[in-house]
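Chemist: What follows is a single structure, and I will ask about it in a moment.
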Amino acid sequence: MLSIMVKIVDLVNQNPWWKHGRRFERYDRDLARAEQNPIFFERKGFETKTENIYIIRGCRQIGKTTYLKKLVAKAINDGVEPRRILYLSLDLFTSRREMRNAINYFLDTNREAENLLILLDEVTTIKDWNLELKHLYDSGITRRARIVATGSSGAALRRRGELLPGRGLEGNEYYLKPLSFREFTLQTLEHVQHHSEGKEFRDTLRRLGEILGKVSIQLTSNLGKICEALNTIIPFKKELEYFFRIYLFTGGFPGVVNEYLRKKSVGEEEFVDPALAETFVRNVLGDIIKQGKKETYARQLLREIIDKYGTRYSYSKLSRDVEITHVTTIDYLETLEESFIITILHAYDFNKKNMKFKGAKKIYFQDPFIFYALKSCLGGRDINDVIAETLEDEESVGKIVEGIVTTHLAMTRETPVMREPETFLWFYYDTSGRELDNVIKPDRSFLGIETKYRGEVRLGKTLRVPHIKKYVILSKEDFELDENTLITPVETFLSLLEKSNHNL
């Protein structure tokens, strides 16, 4: 009996709204900490209905727990009784039985209640978690309950999610990824404006926010229409450069951005807390171990990806260089990609009208912070030294920008399961070895994108492919449009890119 009481106390601690109602935000540790940050970064919402199960995929430290707590606050404000909302941090549970007991306690106290909300945080830490969701659906609980689960292990979410056909999961999976540059800029503008001394700069930032919030681009549009949208924002290139410089330093992890802004607002030097990097790397390696993988293999592969960053190579070469079997190398890379650590970019074969399964690949980290954190921890260096060294080297920063562009292009169209990036985003190289950084198929036609984050851009040096009729070259300074090629500053282009509906 005592152990049951202790578990009930634990449940109450995880669900402070049971005691405090809508005032719980004052006492909830996660929300209180988030509210104390310079910026509370808002994410897109989505509608939830009974008879459905929703899954949010995203890596560690990206804000999934905070997102769920904001769902609680919204539900209470919308009239849901606080006692009809259950939140479980499954990191603290050791078995399916514990998870089921907690859910059963909640259901027993709400036997006749309708419009229940069940939130399961880091559900993939529980073995066979899908069987519990299957039980909830098959037993009819979802007729009166909405269920939202989160997880950091994309592999577990994918494999186990596939075992839930016809149980309300179809079309209800979402990504929670690092902030895009557009989100980052729009939501940091006010803070930077408030802490700036020059009146002209503050007024310019206010005007930038007004215009940027109303303008965006679709890659399905013709180059003239894209150029027209870019023209409205190009007068603010200097200001966008300022924000892109910060984004290159911090990436899009909300916690990292807030720590940087906190230090900057009190006049300290640019700084990323090494503890954030250490925690992130520990979580990454810990999750890999939980999936039955060897930490030493993961470390070897990650070091090699860093050393080869932005270059193309085959899986065979990578496996030889790290002295791990070809099959094991692919297995670990897929795990890293499904855990939202890396993006594997495949080459495209225009003759076969598909990606080259055996061709060379390019591997990028899904955010600059991931690159810096892994390089610092795997090399035993301070993350701020790694960042400074990277951003001072033109070639290195160019590779970081290529990675940012690639992940942003993926976010414009991707949908879990139904439209993965490998179905619409690739790179290309010809028989002479010349490359085109990105080939994207936003509709029935192809768009070639080349990132040249350096001095003057020359049109003649960009690889042309007969199957591609229009090109965008992302420059550092130049802005120009000719018949089939648009040259535009990279930060201007990224600031106007919207994310897909399934990217929160």
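Any read-out appearing in this document is the output of simple, stated calculations on the displayed coordinates, not a laboratory observation. A quick note: this is a predicted structure, and the numbers were derived from the prediction, not measured. Using ideal geometry, Cβ is built from the backbone for each residue, glycine included, and neighbour counts are taken over all protein chains shown.
Chemist: Given a Förster distance of 25 Å, report the FRET efficiency between SER316 and LYS469 from their Cβ-Cβ distance, rounded to the nearest 0.05. Can you show the working numbers first?
Modeler: Working: r = 34 Å, r/R0 = 1.36.
Calculated value: 0.15.
Chemist: Relative to the longest principal Cα axis of the chain, at what angle does helix 129-138 sit, 0 to 90 degrees, rounded to 10?
Modeler: 60
Chemist: A further question on this structure: What's the center-to-center distance, using Cα atoms, between segment 232-300 and segment 398-463 in Å?
Modeler: 23
Chemist: Can you divide the C-alpha Rg of segment 2-175 by 2.2 N^0.38 Å and report the result to two decimal places?
Modeler: Numbers: Rg = 15.3 Å, N = 174, 2.2 N^0.38 = 15.6 Å.
After normalising by residue count via 2.2 N^0.38 Å, the value is 0.98.
Chemist: Also: For segment 360-439, how big is the tail of P(r) above 22 Å, as a whole percent of Cα pairs? Write out the running numbers ahead of the final one.
Modeler: Details: 1172 of 3160 pairs.
Distances greater than 22 Å cover 37 percent of the Cα pairs.
Chemist: Next question. Against the longest principal axis of the chain, how steep is helix 368-379, in degrees 0 to 90 to the nearest 10, with axes from Cα atoms?
Modeler: Roughly 80 degrees, rounded to the nearest 10.
Chemist: Where does segment 290-421 land on the Kirkwood hydrodynamic radius, alpha-carbon pairs, in angstrom?
Modeler: Details: mean 1/r = 0.0636 Å⁻¹.
Result for segment 290-421, one decimal place: 15.7 Å.
Chemist: What is the count of Lys pairs in segment 395-489 whose alpha carbons sit under 20 Å apart, if the two are 8 or more places apart or on different chains?
Modeler: Summing the qualifying lysine pairs gives 12.
Chemist: How high is the relative contact order of the chain, in percent, with contacts defined as C-alpha pairs under 8 Å that are six or more residues apart?
Modeler: On the way: 757 pairs, mean separation 75.4, N = 504.
Answer for the chain is 15 percent.
Chemist: Quick one: if the Förster radius is 25 Å, what FRET efficiency do SER432 and GLU395 give, using the C-beta to C-beta distance and rounding to 0.05?
Modeler: On the way: r = 21 Å, r/R0 = 0.86.
The value I calculate is 0.70.
Chemist: In nm, give the distance between the simple-model label positions of ARG100 and THR220, each being 7 Å from the Cα along the Cα-to-Cβ direction.
Modeler: Label at ARG100, label at THR220, 4.6 nm between them.
Chemist: Further, regarding this structure: Report the full-extension gain for the segment PHE40 to VAL9: residue separation times 0.36 nm, less the Cα-Cα distance, to one decimal in nm. The partial results should precede the final answer.
Modeler: On the way: separation 31, 0.36 × 31 = 11.16 nm, distance 2.94 nm.
Taking PHE40 through VAL9 to full extension adds about 8.2 nm, to one decimal.
Chemist: Take segment 344-405, compute every pairwise Cα distance, and split them into 5 Å bins from 0; I just need the percent in each bin.
Modeler: 4, 17, 21, 19, 13, 11, 8, 5, 3, 0
Chemist: Further question on the same structure: Once the cut-off is 17 Å, how many percent of the Cα-Cα pairs in segment 383-504 end up in the long-distance tail? Numbers along the way, then the final one.
Modeler: Values: 4457 of 7381 pairs.
Beyond 17 Å sits 60 percent of the P(r) for segment 383-504.
Chemist: Using amide H atoms built 1.01 Å from N in the peptide plane, name the residues 5+ places from THR343, or on other chains, whose amide H lies under 5 Å from its own.
Modeler: Here TYR364, PHE365, GLN366 satisfy the definition.
Chemist: Can you report the principal axis dimensions of segment 178-251 using only the alpha carbons, biggest first, rounded to whole angstrom?
Modeler: Over segment 178-251, Cα extents along the principal axes are 40, 28, 17 Å.
Chemist: Excluding same-chain pairs closer than 8 in sequence, count the lysine pairs in segment 2-175 whose Cα atoms lie under 15 Å apart. Each step should come with its number before you reach the end.
Modeler: Values: LYS44/LYS64; LYS44/LYS69; LYS44/LYS70; LYS44/LYS74; LYS49/LYS74.
Close lysine pairs under the 15 Å cut-off: 5.
Chemist: Going by alpha carbons, how many degrees (0 to 90, nearest 10) lie between the helix axis of 295-307 and the longest principal axis of the chain?
Modeler: The answer is roughly 30 degrees.
Chemist: Work out, in µm²/s and without decimals, the Stokes-Einstein translational diffusion coefficient of the chain at 25 °C, 0.890 mPa s, Rh from Kirkwood over C-alpha pairs. Don't skip to the answer; put the middle values down first.
Modeler: Details: Rh = 24.2 Å.
Roughly 101 µm²/s, to the nearest whole number.
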